[in-house]
2 protein chains.
Amino acid sequence: MGVLPDDLACFAVHVAARELDNAYRPALRELGLTYPQYMTMLVLWDRDPQTVKELGAALRFDSGTLSPLLKRLEAAGFVTRERSTTDERSVLVRLTTRGRKLEERGKDLVAKVFSTFHYSDRDAEHLHEEMRKLVAALDEHAAEFGRGARG
Amino acid sequence: MGVLPDDLACFAVHVAARELDNAYRPALRELGLTYPQYMTMLVLWDRDPQTVKELGAALRFDSGTLSPLLKRLEAAGFVTRERSTTDERSVLVRLTTRGRKLEERGKDLVAKVFSTFHYSDRDAEHLHEEMRKLVAALDEHAAEFGRGARG
DNA sequence: CACATTTTAGTTGTGTACAACTAAGTTGCT
DNA sequence: AGCAACTTAGTTGTACACAACTAAAATGTG
């Protein structure tokens, strides 16, 4: 009769995101990281240091999410935070030796976890393409109707 | 050089879920609901009353998520909660008149929001199919490696 | 230079999510 | 009947995620 969550694509996206989180959790637990923290470390392993703003752009997190997350990474000893000397509004996030060393164990974790559920590279790429299409549509929607709207 | 979040399908799923949330937020705000609360109301509009366990199965929420959510729906005057008389472990969640009346305004909200970003019915069905495939793989993975593992 | 505007991080408050646990009720087995 | 095992909700603690706000520093304009 009525529409149920299971009938909705948007609900399925939410379920998939949560279950992906759950699938990664055991492996990440051994690194002492959550999934968003792991994504943050990936960005820093690629380039170090980076400002909070740059990290936020790469992760699509605002400061309300990123600031406390970085404080936890700092408390865990993976990063340091220091005001930029050239622009004192910015904060530079920098890997510690411990944080840099974690890359060895964290590097191929995604591929390892993804391979445990039966998802080939082709499947993953197909999934990725579908997500890119959805996110592009949502970004366009946000630009039109979102907070930055022009009327 | 390194792998970045944008290279990962799993990250794209998370981004999509969050941006879907943001896309629904303005419309849901007018109903006084969050997205998970709206999903809960959909389940109740379809069948009323239902136990917390049944709602949890339909929404894939555990009691730690659902109990406080239902308390907020109760505080907002959309549902009542009462112990089942036949099995006093169970709690029956029942729509109030106000909760039932909300269906008129909430019924076609999904279709309305989805149509504002350029997603045809065919696009949505394609997306849904891709998500079903991923969730099925994750469910299988959870059954094998998750908490209920048999070894 | 003076000062409004913008940029950058952080804080507070609300609401998911999940792990680990508790309390109470029911069922199954002998 | 008696009691262990299980089921059902709820609670506590941690961690995202976003809105709304604040504080401080930089930028732009007359």
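The values are calculated or read from the model by the stated rules, or taken from the named source; none is laboratory data. Because the structure is a prediction, the values reported are computed rather than measured. Every residue, glycine as well, gets a Cβ built from its backbone with ideal geometry; the counts of neighbours run over all protein chains shown. Note: areas computed on protein heavy atoms with side chains; ligands, DNA, RNA excluded. Shrake-Rupley method; radii C 1.70, N 1.55, O 1.52, S 1.80 Å.
Projecting the Cα positions of B:73, B:42, B:58 onto the charge dipole of segment B:5-107 (unit charges on Cβ atoms of Lys, Arg, Asp and Glu, taken about the Cα centre) puts B:73 furthest along the positive direction.
Report the calculated FRET efficiency for residue B:4 and residue A:105 (r = Cβ-Cβ distance, R0 = 22 Å), to the nearest 0.05.
On the way: r = 18 Å, r/R0 = 0.83.
Efficiency, from the Cβ-Cβ distance: 0.75.
Against the longest principal axis of chain A, how steep is helix A:35-46, in degrees 0 to 90 to the nearest 10, with axes from Cα atoms? Roughly 60 degrees, rounded to the nearest 10. Rounded to the nearest 0.05, the FRET efficiency derived from the C-beta distance between residue B:94 and residue B:25 at R0 = 25 Å is 0.40. For chain A, the dipole from Cβ point charges (+1 on Lys and Arg, -1 on Asp and Glu) about the Cα centre works out to 740 debye, to the nearest 20.
If you plug the beta carbon distance of residue B:120 and residue A:144 into 1/(1 + (r/R0)^6) with R0 = 22 Å, you get a FRET efficiency near 0.80. Non-local lysine pairs in chain B, meaning eight or more places apart or on different chains, with alpha-carbon distances under 25 Å, amount to 6.
Where does the protein assembly as shown land at 222 nm, in deg cm²/dmol rounded to the nearest 500, when only DSSP H runs of n ≥ 4 count, each adding -39500 (n - 2.57), divided by all residues? Spell out each step's value before the answer.
On the way: 14 runs with 198 residues, N = 302.
Value at 222 nm, helices only: -21000 deg cm²/dmol.
Scanning residues 5 or more positions from residue B:79 or on other chains, those with amide H under 5 Å from its amide H are B:74, B:96, with H placed 1.01 Å from N in the peptide plane. Here the gap between residue B:129 and residue B:54, fully extended at 0.36 nm per residue and compared with their Cα-Cα distance, gives a gain of 24.6 nm.
Can you compute the charge dipole magnitude of the protein assembly as shown about its Cα centre, using +1 on each Lys and Arg Cβ and -1 on each Asp and Glu Cβ, nothing else charged? Give it in debye, rounded to the nearest 20.
Working: 46 positive and 48 negative charges, 257 e Å.
The dipole of the protein assembly as shown has a size of about 1240 debye.
Computed from backbone phi, the HN-Hα couplings of segment B:108-114 come to 9, 5, 4, 4, 5, 5, 4 Hz, rounded to whole numbers (Karplus: 6.51 cos²θ - 1.76 cosθ + 1.60, θ = phi - 60°; Gly and Pro given as x). Accessible surface of residue A:4, taken over heavy atoms with a 1.4 Å probe and every protein chain present, rounds to 60 Å².
Centre-to-centre separation between the Cα atoms of segment A:12-67 and those of segment B:80-97: 39 Å.
Along the axis of the charge dipole computed for chain A (Cβ charges of +1 for Lys and Arg, -1 for Asp and Glu, origin at the Cα centre), the listed residues A:4, A:142, A:86 are led at the positive end by A:86.
In order along segment A:67-83, phi translates into HN-Hα couplings of 4, x, 4, 5, 4, 6, 5, 5, 4, 7, x, 8, 9, 10, 10, 8, 4 Hz, rounded to whole numbers, per the Karplus curve 6.51 cos²θ - 1.76 cosθ + 1.60 with θ = phi - 60° and x for Gly and Pro.
Shown for residue A:139: label points 7 Å from Cα along the beta-carbon vector, and their distances to the equivalent points in the other copies, 3.2 nm in ascending order.
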